[in-house]
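Just so you know, all these numbers are worked out from the coordinates, no wet-lab data involved. Since the model is a prediction, treat every value here as computed from it, not as a measurement. Because the Cβ atoms are built from the backbone with ideal geometry, glycine has one as well, and the counts that use them run over all protein chains shown.
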Amino acid sequence: MSATLLAGLLPRDAETAEAFEDPPAVFLFPEEQAVIANAADKRRREFATVRYCARRALTALGRTAEPLVPGQRRAPTWPQGIVGSMTHCDGYRAAAVARSADIASLGIDAEPHAPLPDGVLDVVALPREQYWVAELTRHAPSVHWDRLLFSAKESVYKTWFPLTGELLGFKEAELEIDPQGGGFRASLLREGRDREGRQLSAFDGRWQVIRGLVMTAVAYRP
């Protein structure tokens, strides 16, 4: 599969696929069609295209197409032996998948490279995070660090939830972002264990700003 914008943020044993527009007449299984039967057109197009991406990525892993319906907390349900994540925003849809024998959990997120709406940073960021967002904005204003923080926390949550089946609040993970190296670390502020009983303390991820998008990704290996 050709390289995607996300490919450089994830290990080589993860497969990714992306779309910058919604293809016409995307195939959906009946189970998937039922999920969006009463949805607005925008939601239907997002839902269909991101599954189109996911199936392309699964094909690259040698897997056949299966229904990908939302499960608990609307997280996508993946075929047995597969972990994955989906994301969509205006003008971009993407999916990443891997074999669970290689990667225990994946989280990806894409956001428009624009400031967060007023008041959102106070909701999602701890005081220390708000301080360094202000400092980074002062020293490197070409990056919307508040949006990057939000995206990274989304990727962290998408990695955490399949491992634990539990919610993780925005302020239950404290981020440190490397502004030059393209990495970040999320220190978990609540106790959590994966389904094998291993304690979770932190996730490491990667980020980039490209083509008007903020993109983040986490690949967790125990």
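Here are the numbers for this structure:
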| item | result |
| --- | --- |
| Net charge dipole size for segment 7-108 [Lys, Arg +1 and Asp, Glu -1 on Cβ; Debye, nearest 20] | 140 debye |
| Cα pair distances in segment 1-66, grouped into 5 Å bins until the bin that holds the longest one, percent each | 3, 16, 25, 22, 17, 11, 6, 1 |
| Sorted by Cβ density within 10 Å, fewest first, the residues Asp146, Asp13, Asp22, Asp118 | Asp118, Asp13, Asp22, Asp146 |
| Most positive-pole-ward Cα, Trp78, His144, Ser105, against dipole of segment 39-149 from beta carbon charges | Trp78 |
| Of Ala37, Ala75, Ala95, the one that fluctuates the most in a GNM where the chain has Cα springs shorter than 10 Å | Ala37 |
| For Cα Rg over 2.2 N^0.38 Å, calculated from these coordinates, the label among (1) 1.52; (2) 0.99; (3) 1.19 | (2) |
| D (Stokes-Einstein, µm²/s), Kirkwood Cα radius, segment 7-108, 1.306 mPa s at 10 °C | 115 µm²/s |
| Total charge dipole magnitude, the chain, about the Cα centre, Cβ charges on Lys, Arg, Asp, Glu only, Debye to nearest 20 | 400 debye |
| Dimensions in Å of segment 129-222 - Rg and Dmax from alpha carbons | 13.6, 43 |
| Furthest towards positive pole of dipole, Leu175, Ala114, Ser155, structure part segment 85-222, Cβ charges | Ser155 |
| Extended-chain gain in nm, criterion 0.36 nm per residue less alpha-carbon gap, Arg74 and Asp41 | 10.0 nm |
| Fraction of alpha-carbon pairs over 23 Å apart in segment 77-175 - percent | 34 percent |
| Relative contact order (%) - the chain, alpha-carbon pairs under 8 angstrom, separation at least six | 20 percent |
| Between segment 1-79 and segment 85-120, the Cα center-to-center distance that results, in Å | 12 Å |
